[in-house]
Amino acid sequence: MVEWLLFETKPSCLQNWNKLEQQSMVPNFLVNAFLEVLKSVFSLDFENRLRFEQPRNEEFGDFATSIALILAKELKRNPREIAESIVQNLKLDSNLVEKISIDGPGFINIKLSKNFFALELDRMFQVGEDFGKGNKGLGQKVNVEYVSANPTGLLHLGHGRNACIGDSIATLYQWLGYDVTREYYFNNAGRQMQNLARSIFARYRQILGDNDYPFPEDGYHGDYIKEIANEIAEKFGKTYYEEIPENIDFCKTYGEKWCFEKIRSTLEKLNIHHDVFFNEDSLYKDGKIEDVINILREKGLVYDKDGAVWLALSKLGLSEDRVIVKSTGEPTYRLPDIAYHREKFLRNFDLIVDVLGSDHIATVPDVLAGLKALGFDTSKVKVVFHQFVTLTENGVQVKMSKRSGRSYTLDELIDEVGADVVRFFFVMRSVSSHLEFDLNLAREQSEKNPVFYLQYAHARICSIFDTAKERGIEFNPKVTTECISKPEEINLIKLQRRFPEVVEVSAEKFEPQILADYLYDVATAFHTFYHECRIIGSEEPILSARFKLAKVTQRILRNGLKILGVSAPTRM
RNA sequence: GCGCCACUAGCUCAGUUGGAUAGAGCAUCAGCCUUCUAAGCUGAGGGUCACAGGUUCGAGUCCUGUGUGGCGCGCCA
C-alpha cells in the first residue's frame with residue numbers, strides 16, 4: 001500500500017490551489033456576503049470551507065450551498081433554522097440576485113438575475129481573444145514527458161493516445177501560465193536496440209540471399225524491419241554483409257534513425273512537437289548512470305549479490321529489493337529511469353508529469369523510491385496512467401497483434417480518419433477508462449461524429465460574421481447587453497462563464513476529457529441558441545448583444561479545440 | 001496468490017469536495033428547412049448505478065467483503 005501512496009497523491013505544487021478561488025464561476029459578491037454573515041453571526045471563519053455547487057435541477061437556482069447542513073452538525077442546531085438566520089443577514093445586491101430560498105433539509109439556493117448574466121457577458125467579451133487563459137502557473141516550470149516510444153518501431157494506437165493526452169495536458173498548463181517543456185525520453189540504449197539491430201541484420205542477410213540466416217527469437221517481426229533492411233541493401237549492397245559488431249552496429253544506427261524519422265513524421269501529422277528529445281545513451285556518456293549508483297551506494301542502499309547490483313528498495317518502504325545492474329553488466333530500466341528523472345529534478349521543474357500506459361504501473365514505485373532516496377521531493381512528480389485502446393469496426397474488435405507485426409499503426413489511422421478526429425477521439429474518454437475507438441464513427445462526416453459537431457458550431461459562427469460583413473451589418477461592442485432575456489441566451493452565458501474553470505480543472509485532474517465534454521456542451525447550447533434566436537435581422541441592442549454571445553462562443557470553441565490540438569475551421 | 005484499474009440505459013461513456021427527481025451521445029420512434037450553414041434543432045421511450053453489508057440528515061460517489069473483466073507482479077521496458 002505504501003508503494004502506491006508515493007504517487008497517488010496530488011502533486012505538491014497544485015495543492016496550493018485555493019479550493020474556493022478555484023470555484024471561479026461562483027461570483028465573488030456571493031462568496032463575500034456569505035463569509036461576512038458567517039463571521040458576524042456565527043463568529044466562524046469559513047474561508048476555505050464554504051462551497052457552492054450548481055444544482056442539477058434548475059428549479060433550485062444557479063448556486064446552492066449546504067453550509068447550513070454542515071453547521072448543523074457542529075452547532076447541534078436545526079439546519080433550517082441556521083439557514084434562516086444566514087439568509088436573513090445576507091447583504092446581497094437585489095440587482096444581481098433574483099431569488100434566494102431555503103429548500104429541502106436546509107439548502108440555501110440562489111438564483112441570479114438576468115442582469116447579472118448580462119454583465120457577465122460584457123465582462124467575458126471584454127477579456128478578448130484569450131478568454132480562458134489563467135495565471136496560476138506564472139513563474140513555474142512544468143515538464144511533460146509523453147510518447148517516449150522506443151525507436152524500435154512505428155507508433156501504434158496506444159502511443160497515439162499517450163501522445164494526444166500528453167500534448168493536451170502540456171497545452172492546458174501553458175494556458176494557465178506555466179512555462180512548459182514538452183519532452184520525449186528516447187530509449188536508445190540497452191537490449192531492445194540490440195534486438196532491433198539483429199532483426200534488421202537478419203532481414204538484410206536474407207534479402208541478400210542468405211535464406212537460412214536465423215532471425216532472432218525475440219526479434220521484431222514487423223514489415224518495417226524488412227523495409228529498413230531493403231533500404232540498406234539497395235543503398236549499400238553487401239557492404240555490411242559480414243557478421244561483425246561494426247555491421248550490426250550500423251544496422252542499429254540506421255534503424256534508430258529510420259524509426260525516429262517515422263515517429264517524428266507521424267507526430268508531425270498530429271501537430272505534436274517536443275521541445276526536448278532526451279537521449280538515454282547520453283546518461284551513459286555523461287556518467288550520470290555511474291553517479292546514481294555511487295550516490296546510492298554511499299547511502300548504503302546499493303549492494304552486490306549473485307554478480308548483480310541491487311537496489312535495497314526494502315529499506316525504502318517497498319516490499320522487495322530489485323536488480324539495477326544485471327550480472328551481464330547491463331543496467332535494468334530502473335537505473336537509467338532514476339538517472340533520467342534525477343536530471344529532470346536538477347533542471348528545477350516545479351511539476352514533473354510522466355504520461356505512461358497502464359502497463360507501466362508496476363515500474364513507477366521503484367523509480368520514485370530511488371528518487372526519494374536521492375533526496376528529491378517526489379511529490380513534484382505526477383504520473384498519468386492511461387488505459388488501453390481498442391479499435392472496433394462494425395461493432396467488432398479489430399485485432400491488434402504486436403507479435404504478428406500486423407498491428408494497425410497510428411500513421412495508418414491518421415491517414416484514414418484525419419488528424420482532428422484522432423486527436424479528439426483519443427482524449428474524449430477519461431484517461432483511466434479503456435478507450436474504444438469506433439472506426440465507423442470516426443469515418444462519419446456528420447453530426448454523429450462529435451468532432452464535426454464541434455467544428456460545425458465554430459464554422460457556423462464564422463459564417464454569421466461573414467454574412468453580416470457581406471450585408472454591411474456592423475455590431476457595436478459598446479452596447480450593453482441588458483436586453484438579454486431568452487432562456488437559450490442565459491443558458492449559453494452560464495456555460496461560457498465556466499470556461500476558465502474548466503481549463504483549470506482539466507489541468508488539475510490531468511483529464512483533457514473534461515474539456516472535451518465541456519466543449520460539446522457549449523456547442524449544443526450554441527446550436528440551440530442559434531435555432532431559437534436570430535442575430536442578423538434583429539434590432540439593436542439585441543443585435544449587438546447576440547453578436548457578443550456568438551463572439552464569446554467562437555473564442556471558447558477555438559481556444560478549447562486548440563488546447564486539444566483540433567483545428568477550428570471557419571468554413572465547412 | 002498479490003497489486004492496480006474498471007463495472008452506471010440495448011451500445012459507447014459522463015457524473016466536481018458525499019447532496020435534492022440519475023446525465024449525454026449512438027441506436028429506435030415521432031416532428032421541424034421560402035430565413036444567419038439541416039454537418040442543425042425539438043420531443044418520446046429506455047436504469048435494481050455488478051452484488052451484499054456498513055458509515056450519516058443524505059451514498060453512483062466514502063469503508064469492508066464478493067463476483068466479472070482488463071493490466072501488471074523478471075537480472076524485459
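Remark: the range A:293-301, residue by residue, has Karplus-estimated 3J(HN,Hα) of 4, 4, 4, 5, 5, 4, 7, x, 9 Hz, where x stands for each Gly or Pro and the curve is 6.51 cos²θ - 1.76 cosθ + 1.60 at θ = phi - 60°. Rounded to 0.05, the FRET efficiency of the A:GLU540 and A:GLU488 pair, given R0 = 25 Å and the Cβ-Cβ distance, is 0.80. Assuming charge only on the beta carbon of Lys and Arg (+1) and of Asp and Glu (-1), the dipole of chain A about its Cα centre is about 980 debye to the nearest 20.
Selection among A:THR181, A:PHE42, A:ALA64 by position relative to the dipole of chain A gives A:PHE42 as farthest towards the positive end (Cβ unit charges, Cα centre). Within the straight-line cut-off of under 29 Å between alpha carbons, the lysines reachable from A:LYS548 are A:LYS99, A:LYS111, A:LYS114, A:LYS133, A:LYS136, A:LYS448, A:LYS469, A:LYS478, A:LYS486, A:LYS494, A:LYS562, sequence neighbours fewer than 8 places apart in one chain being disregarded. Each of A:TYR184, A:TYR520, A:TYR254 has its accessible area taken with a 1.4 Å probe; listed largest first, they run A:TYR520, A:TYR254, A:TYR184.
Rounded to the nearest 0.05, the FRET efficiency derived from the C-beta distance between A:THR480 and A:ASP103 at R0 = 25 Å is 0.15.
Amide H to amide H, with H built 1.01 Å from N, A:GLY134 comes under 5 Å of A:LEU176, A:GLY177, counting only residues 5 or more places away or on other chains. Within chain A, DSSP assigns beta bridges of which about 50% are antiparallel (rounded to the nearest 5).
Relative to the longest principal Cα axis of chain A, at what angle does helix A:245-269 sit, 0 to 90 degrees, rounded to 10? With rounding to tens, the tilt is 20 degrees.
Contour minus end-to-end for A:ASN348 and A:ASP249, with contour as 0.36 nm per residue of separation and end-to-end as the Cα-Cα distance? Please report the intermediate quantities before stating the final value.
Values: separation 99, 0.36 × 99 = 35.64 nm, distance 3.57 nm.
Separation in residues times 0.36 nm, less the Cα-Cα distance, equals 32.1 nm.
For A:PHE236 and A:LYS326, the FRET efficiency from 1/(1 + (r/R0)^6), where r spans their Cβ atoms and R0 equals 45 Å, is about 0.85. Along the charge dipole of the range A:452-547, pointing to its positive end and built from +1/-1 on Cβ of Lys, Arg, Asp and Glu, which listed residue (A:LEU515, A:THR480, A:ILE493) has its Cα farthest out? Of the options given, the answer is A:THR480. Residues whose amide H falls under 5 Å from that of A:VAL431, counting only those 5 or more places apart or on a different chain, are A:GLN513, with hydrogens built in the peptide plane. Within the range A:465-572, the trypsin sites (Lys or Arg not before Pro) that combine a DSSP coil assignment with at most 14 other C-beta atoms in a 10 angstrom radius are A:ARG471, A:LYS478, A:ARG534, A:ARG571.
Accessible area, 1.4 Å probe, largest first: how do A:ILE295, A:ILE563 sort? Before the final figure, lay out each step's value.
Values: A:ILE295 50, A:ILE563 0 Å².
Sorted descending by solvent-accessible area, the residues read A:ILE295, A:ILE563.
Just so you know, the Cα atoms of the range A:41-122 work out to an Rg and Dmax of 13.4, 44 Å. Under 5 Å between amide hydrogens, built in the peptide plane, is the criterion, and for A:ILE324 it picks out A:VAL309, A:TRP310, A:LEU311 among residues at least 5 positions away or on other chains. Per residue, the accessible area of chain A comes to 46 Å² when a 1.4 Å probe rolls over the protein heavy atoms. What the phi angles of the range A:316-331 give under the Karplus curve with 6.51, -1.76 and 1.60, with θ = phi - 60°, is a coupling list of 10, x, 9, 7, 9, 6, 10, 6, 10, 10, 5, 5, 7, x, 7, x Hz, glycine and proline written as x. Calculation over all alpha carbon pairs of chain A in 20 angstrom steps from 0 returns a P(r) of 18, 42, 30, 10, 1 percent.
Computed from backbone phi with θ = phi - 60° and the Karplus coefficients 6.51, -1.76 and 1.60, the 3J(HN,Hα) list for the range A:126-138 is 6, 4, x, 4, 8, 3, x, 6, x, 10, 4, x, 4 Hz; x is used for glycine and proline.
The values are calculated or read from the model by the stated rules, or taken from the named source; none is laboratory data. Keep in mind the model is a prediction, meaning the values are calculated, not measured. In this analysis, Cβ positions are derived from the backbone assuming ideal geometry, glycine residues included, and neighbour counts consider all displayed protein chains. SASA here: full protein model, heavy atoms, side chains in, ligands and nucleic acids out. Shrake-Rupley method; radii C 1.70, N 1.55, O 1.52, S 1.80 Å.
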